Amino acid sequence: MRRPIIAGNWKMYKTIADALELANGLKRELYAIKGVDIVIAPGFTLLDEISDVISGSNINLGAQNAHWEAEGAFTGEASVAQLKELDVKYIIIGHSERRQFFGETNEGVNKRIKAVLSGGLIPIMCVGENLSQREKGNTFSVVQDHLRGGLEGIEKEEAKDIIFAYEPVWAIGTGKTATPAEAQEVHGFIRKKLAEIYDNDTAQSMRIQYGGSVKPDNIEDLIKQEDIDGALVGGASLKVDSFSEIVKKSVG
Ligand code: 13P
(Lines give C-alpha, C1' and ligand atoms only; values in the text may rest on other atoms or scores of the structure.)
Protein backbone atom coordinates (compact mmCIF):
# COMPACT_ATOMS: atom_id res chain seq x y z
CA MET A 1 0.00 0.00 0.00
CA ARG A 2 1.51 3.32 -1.04
CA ARG A 3 1.17 6.17 1.43
CA PRO A 4 -0.47 9.23 -0.16
CA ILE A 5 1.59 12.39 -0.53
CA ILE A 6 0.04 15.82 -0.98
CA ALA A 7 2.34 18.71 -1.86
CA GLY A 8 1.55 22.39 -2.24
CA ASN A 9 3.58 24.24 -4.85
CA TRP A 10 3.33 27.89 -3.86
CA LYS A 11 5.12 28.99 -7.05
CA MET A 12 6.05 32.71 -7.00
CA TYR A 13 3.27 33.70 -4.62
CA LYS A 14 3.31 35.29 -1.15
CA THR A 15 5.61 37.58 0.76
CA ILE A 16 6.78 36.68 4.24
CA ALA A 17 3.82 37.95 6.26
CA ASP A 18 1.24 36.16 4.08
CA ALA A 19 3.34 33.03 3.93
CA LEU A 20 3.62 32.88 7.72
CA GLU A 21 -0.12 33.24 8.06
CA LEU A 22 -0.69 30.39 5.62
CA ALA A 23 1.87 28.08 7.23
CA ASN A 24 0.55 28.76 10.74
CA GLY A 25 -3.00 28.15 9.55
CA LEU A 26 -2.04 24.85 7.95
CA LYS A 27 -0.26 23.74 11.08
CA ARG A 28 -3.39 24.40 13.14
CA GLU A 29 -5.71 22.66 10.69
CA LEU A 30 -3.55 19.65 9.99
CA TYR A 31 -1.78 18.82 13.26
CA ALA A 32 -3.90 15.73 13.94
CA ILE A 33 -3.81 14.31 10.42
CA LYS A 34 -2.05 10.97 9.97
CA GLY A 35 -1.57 8.54 7.11
CA VAL A 36 -0.44 11.06 4.51
CA ASP A 37 2.82 12.87 3.78
CA ILE A 38 2.22 16.62 3.68
CA VAL A 39 4.64 18.95 1.90
CA ILE A 40 4.62 22.69 1.24
CA ALA A 41 7.03 24.23 -1.26
CA PRO A 42 7.32 28.00 -0.79
CA GLY A 43 9.60 30.24 -2.88
CA PHE A 44 13.28 30.49 -1.92
CA THR A 45 12.96 33.75 0.05
CA LEU A 46 10.30 32.22 2.31
CA LEU A 47 11.99 28.94 3.16
CA ASP A 48 13.93 30.04 6.21
CA GLU A 49 10.96 31.49 8.11
CA ILE A 50 8.53 28.79 7.04
CA SER A 51 11.02 26.16 8.08
CA ASP A 52 10.95 27.51 11.64
CA VAL A 53 7.14 27.58 11.71
CA ILE A 54 6.66 23.96 10.61
CA SER A 55 9.63 22.52 12.45
CA GLY A 56 8.53 19.49 14.51
CA SER A 57 5.10 19.36 12.84
CA ASN A 58 3.69 16.84 10.37
CA ILE A 59 4.25 19.31 7.51
CA ASN A 60 7.46 18.90 5.53
CA LEU A 61 9.37 21.56 3.67
CA GLY A 62 9.86 21.48 -0.09
CA ALA A 63 11.68 23.73 -2.55
CA GLN A 64 10.81 24.40 -6.17
CA ASN A 65 14.17 23.81 -7.83
CA ALA A 66 17.84 23.11 -7.11
CA HIS A 67 21.05 23.33 -9.12
CA TRP A 68 23.17 20.27 -9.87
CA GLU A 69 26.53 21.73 -8.83
CA ALA A 70 27.55 21.86 -5.18
CA GLU A 71 28.53 25.53 -5.51
CA GLY A 72 29.83 27.97 -8.05
CA ALA A 73 29.14 30.93 -10.28
CA PHE A 74 25.49 30.16 -11.07
CA THR A 75 23.62 33.42 -10.57
CA GLY A 76 20.03 32.95 -9.52
CA GLU A 77 20.31 29.28 -8.56
CA ALA A 78 20.31 27.50 -5.18
CA SER A 79 22.33 24.38 -4.32
CA VAL A 80 21.05 21.27 -2.60
CA ALA A 81 23.33 22.00 0.37
CA GLN A 82 21.89 25.50 0.73
CA LEU A 83 18.37 24.06 0.78
CA LYS A 84 19.28 21.23 3.10
CA GLU A 85 20.57 23.75 5.59
CA LEU A 86 17.01 25.10 5.86
CA ASP A 87 15.60 21.60 6.50
CA VAL A 88 14.18 21.23 3.02
CA LYS A 89 13.32 17.57 2.46
CA TYR A 90 11.66 17.50 -0.99
CA ILE A 91 12.66 19.36 -4.15
CA ILE A 92 10.40 19.79 -7.17
CA ILE A 93 12.41 19.21 -10.33
CA GLY A 94 11.43 19.72 -13.98
CA HIS A 95 8.15 21.50 -13.37
CA SER A 96 6.54 22.39 -16.71
CA GLU A 97 6.91 26.08 -15.89
CA ARG A 98 10.68 25.56 -15.61
CA ARG A 99 10.65 23.67 -18.91
CA GLN A 100 8.38 26.20 -20.65
CA PHE A 101 9.75 29.54 -19.40
CA PHE A 102 13.31 28.82 -18.30
CA GLY A 103 14.58 26.35 -20.86
CA GLU A 104 14.76 23.34 -18.56
CA THR A 105 15.63 20.18 -20.51
CA ASN A 106 15.51 16.47 -19.71
CA GLU A 107 19.29 16.62 -19.39
CA GLY A 108 19.06 19.41 -16.82
CA VAL A 109 16.33 17.53 -14.97
CA ASN A 110 18.53 14.46 -14.89
CA LYS A 111 21.50 16.35 -13.44
CA ARG A 112 19.33 18.08 -10.84
CA ILE A 113 17.69 14.81 -9.79
CA LYS A 114 21.08 13.18 -9.34
CA ALA A 115 22.25 16.10 -7.19
CA VAL A 116 19.11 15.99 -5.04
CA LEU A 117 19.47 12.24 -4.49
CA SER A 118 23.14 12.43 -3.66
CA GLY A 119 22.36 15.16 -1.15
CA GLY A 120 19.97 12.75 0.55
CA LEU A 121 16.83 14.71 -0.34
CA ILE A 122 13.76 13.55 -2.25
CA PRO A 123 13.07 14.82 -5.75
CA ILE A 124 9.53 15.33 -7.00
CA MET A 125 10.10 14.81 -10.70
CA CYS A 126 7.46 16.39 -12.95
CA VAL A 127 6.44 15.01 -16.32
CA GLY A 128 3.58 15.84 -18.63
CA GLU A 129 2.47 16.89 -22.08
CA ASN A 130 1.17 20.25 -23.28
CA LEU A 131 -2.08 20.77 -25.19
CA SER A 132 -0.68 20.54 -28.70
CA GLN A 133 1.26 17.39 -27.82
CA ARG A 134 -1.95 15.85 -26.44
CA GLU A 135 -3.96 16.90 -29.48
CA LYS A 136 -1.39 15.32 -31.79
CA GLY A 137 -1.68 12.06 -29.83
CA ASN A 138 1.85 12.37 -28.41
CA THR A 139 1.02 12.22 -24.70
CA PHE A 140 2.64 8.86 -24.08
CA SER A 141 5.76 9.54 -26.12
CA VAL A 142 6.33 12.88 -24.35
CA VAL A 143 5.86 11.33 -20.92
CA GLN A 144 8.16 8.46 -21.87
CA ASP A 145 10.85 10.94 -23.01
CA HIS A 146 10.59 12.88 -19.78
CA LEU A 147 10.93 9.68 -17.76
CA ARG A 148 13.77 8.10 -19.72
CA GLY A 149 15.69 11.38 -20.04
CA GLY A 150 15.19 12.39 -16.43
CA LEU A 151 16.15 8.97 -15.05
CA GLU A 152 19.15 8.30 -17.30
CA GLY A 153 21.92 6.61 -15.33
CA ILE A 154 20.02 6.56 -12.04
CA GLU A 155 20.13 3.11 -10.52
CA LYS A 156 17.20 1.39 -8.84
CA GLU A 157 18.59 1.74 -5.31
CA GLU A 158 18.59 5.53 -5.61
CA ALA A 159 15.56 5.88 -7.85
CA LYS A 160 13.19 4.15 -5.45
CA ASP A 161 12.85 7.33 -3.37
CA ILE A 162 11.87 9.58 -6.26
CA ILE A 163 8.31 10.91 -6.24
CA PHE A 164 6.81 11.42 -9.68
CA ALA A 165 4.24 14.05 -10.57
CA TYR A 166 2.16 13.77 -13.71
CA GLU A 167 1.10 17.30 -14.59
CA PRO A 168 -0.62 17.72 -17.95
CA VAL A 169 0.32 21.29 -18.86
CA TRP A 170 -3.15 22.02 -20.27
CA ALA A 171 -4.66 21.34 -16.84
CA ILE A 172 -2.36 23.65 -14.86
CA GLY A 173 -4.01 26.81 -13.60
CA THR A 174 -6.76 26.45 -16.18
CA GLY A 175 -9.50 24.92 -14.04
CA LYS A 176 -9.51 22.06 -16.57
CA THR A 177 -8.61 18.92 -14.64
CA ALA A 178 -7.88 15.72 -16.47
CA THR A 179 -10.78 13.39 -15.70
CA PRO A 180 -9.86 10.70 -13.18
CA ALA A 181 -9.91 8.17 -16.04
CA GLU A 182 -7.65 10.32 -18.25
CA ALA A 183 -5.22 10.82 -15.39
CA GLN A 184 -5.28 7.13 -14.43
CA GLU A 185 -4.50 6.13 -18.02
CA VAL A 186 -1.25 8.12 -17.95
CA HIS A 187 -0.39 7.13 -14.37
CA GLY A 188 -0.78 3.47 -15.35
CA PHE A 189 1.50 4.10 -18.33
CA ILE A 190 4.10 5.79 -16.09
CA ARG A 191 4.11 2.82 -13.72
CA LYS A 192 4.49 0.45 -16.64
CA LYS A 193 7.47 2.43 -17.94
CA LEU A 194 9.03 2.51 -14.46
CA ALA A 195 8.67 -1.26 -14.34
CA GLU A 196 10.50 -1.48 -17.68
CA ILE A 197 13.26 0.90 -16.56
CA TYR A 198 13.62 -0.72 -13.10
CA ASP A 199 11.43 -3.67 -12.17
CA ASN A 200 7.85 -4.34 -11.20
CA ASP A 201 8.38 -4.30 -7.42
CA THR A 202 10.21 -0.99 -7.59
CA ALA A 203 7.54 0.51 -9.85
CA GLN A 204 4.79 -0.69 -7.51
CA SER A 205 6.46 1.00 -4.56
CA MET A 206 6.98 4.37 -6.29
CA ARG A 207 4.50 7.16 -5.68
CA ILE A 208 2.99 9.13 -8.55
CA GLN A 209 1.16 12.38 -7.84
CA TYR A 210 -1.33 14.03 -10.14
CA GLY A 211 -1.16 17.81 -10.63
CA GLY A 212 -3.34 20.22 -12.57
CA SER A 213 -6.30 22.10 -11.07
CA VAL A 214 -6.61 19.77 -8.09
CA LYS A 215 -9.32 21.13 -5.79
CA PRO A 216 -11.24 19.93 -2.71
CA ASP A 217 -14.08 18.80 -4.97
CA ASN A 218 -12.04 16.57 -7.30
CA ILE A 219 -9.33 15.10 -5.04
CA GLU A 220 -11.46 12.18 -3.84
CA ASP A 221 -12.18 10.88 -7.32
CA LEU A 222 -8.57 11.32 -8.38
CA ILE A 223 -7.02 9.62 -5.36
CA LYS A 224 -9.35 6.63 -5.72
CA GLN A 225 -7.63 5.72 -8.97
CA GLU A 226 -5.33 2.75 -8.71
CA ASP A 227 -2.13 4.52 -9.76
CA ILE A 228 -2.73 8.00 -8.31
CA ASP A 229 -0.90 8.29 -5.01
CA GLY A 230 -1.33 11.95 -4.20
CA ALA A 231 -1.40 15.42 -5.65
CA LEU A 232 0.86 18.33 -6.48
CA VAL A 233 -1.37 21.31 -5.89
CA GLY A 234 -0.84 24.87 -7.17
CA GLY A 235 -3.62 27.45 -6.78
CA ALA A 236 -5.57 25.55 -4.12
CA SER A 237 -2.45 25.24 -1.94
CA LEU A 238 -2.41 29.01 -1.36
CA LYS A 239 -5.36 28.99 1.02
CA VAL A 240 -5.58 27.25 4.38
CA ASP A 241 -9.11 25.94 3.80
CA SER A 242 -8.67 24.46 0.36
CA PHE A 243 -5.27 22.86 0.97
CA SER A 244 -6.32 21.41 4.34
CA GLU A 245 -9.46 19.97 2.81
CA ILE A 246 -7.47 18.35 0.00
CA VAL A 247 -5.09 16.80 2.53
CA LYS A 248 -7.94 15.52 4.72
CA LYS A 249 -9.87 14.08 1.78
CA SER A 250 -6.80 12.24 0.55
CA VAL A 251 -6.93 9.99 3.62
CA GLY A 252 -10.70 9.48 3.41
P1 13P B 1 -2.75 24.32 -10.32
O2 13P B 1 -3.19 23.44 -9.19
O3 13P B 1 -2.87 25.79 -10.01
O4 13P B 1 -3.40 23.94 -11.62
O5 13P B 1 -1.16 24.09 -10.50
C6 13P B 1 -0.69 22.79 -10.61
C7 13P B 1 0.79 22.82 -10.54
O8 13P B 1 1.46 23.30 -11.42
C9 13P B 1 1.43 22.28 -9.32
O10 13P B 1 2.78 22.13 -9.49
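The values are calculated or read from the model by the stated rules, or taken from the named source; none is laboratory data. Because the structure is a prediction, the values reported are computed rather than measured. Note that each Cβ is placed from the backbone with ideal geometry, even for glycine, and that neighbours are counted across all protein chains shown. Heavy atoms of the whole protein, side chains included, go into the accessibility calculation; ligands, DNA and RNA do not. Shrake-Rupley method; radii C 1.70, N 1.55, O 1.52, S 1.80 Å.
Share of carbon and sulfur in the accessible area of the chain stands at 49%, probe radius 1.4 Å. When the convex hull of its Cα atoms is viewed from all sides, the chain shows a mean projected area of 12.4 nm².
Restricting the stretch 188-248 to GluC sites (Glu not before Pro) that sit in a DSSP loop and have at most 14 other Cβ atoms within 10 Å of their own Cβ leaves Glu226. For the options Ile93, Ile113, Ile16, a Gaussian network treatment of the chain with springs between C-alpha atoms closer than 10 Å singles out Ile16 as fluctuating the most. Normalised radius of gyration (Cα atoms, divided by 2.2 N^0.38 Å) for the stretch 49-152: 1.17. Dividing the radius of gyration of the alpha carbons in the stretch 1-51 by their Kirkwood radius gives 1.01 for Rg/Rh. Exposure check, 1.4 Å probe, all protein chains in place: Asp241 carries approximately 120 Å² of accessible surface.
Per residue, the chain exposes 46 Å² of accessible surface when a 1.4 Å probe is rolled over the protein heavy atoms with every protein chain present. Note on Ile197: accessible area is roughly 50 Å² with a 1.4 Å probe, heavy atoms of protein only. If you take the Cα centroid of the stretch 1-55 and the Cα centroid of the stretch 136-214, the two points sit 24 Å apart. For the stretch 1-108, the set of chymotrypsin sites (Phe, Trp or Tyr not before Pro) satisfying both a DSSP loop assignment and a count of at most 12 other C-beta atoms within 10 Å is given as Tyr31, Phe74, Phe102. Would you mind calculating the relative contact order of the stretch 53-134 from Cα pairs under 8 angstrom and at least 6 residues apart, reporting the percent as a whole number? Across the stretch 53-134, relative contact order equals 32 percent. Relative contact order, whole percent, for the stretch 175-220 stands at 45, derived from Cα pairs under 8 Å and 6 or more residues apart. Among 172-185, 203-216, the peptide with the highest mean count of other Cβ atoms within 10 Å heads the list, and the full ranking is 203-216, 172-185. Among the trypsin sites (Lys or Arg not before Pro) found in the stretch 1-58, those both in a DSSP coil and sparsely packed, with 12 or fewer other Cβ atoms within 10 Å of their Cβ, are Lys34.
What is the stretch 187-229 by shape, rounded, prolate or oblate, if you read a ≥ b ≥ c off the alpha carbon gyration tensor as root eigenvalues and call it rounded for a/c under 1.5, prolate for a/b larger than b/c, and oblate otherwise? It is prolate, given that a/c is not under 1.5 and a/b is the larger ratio.
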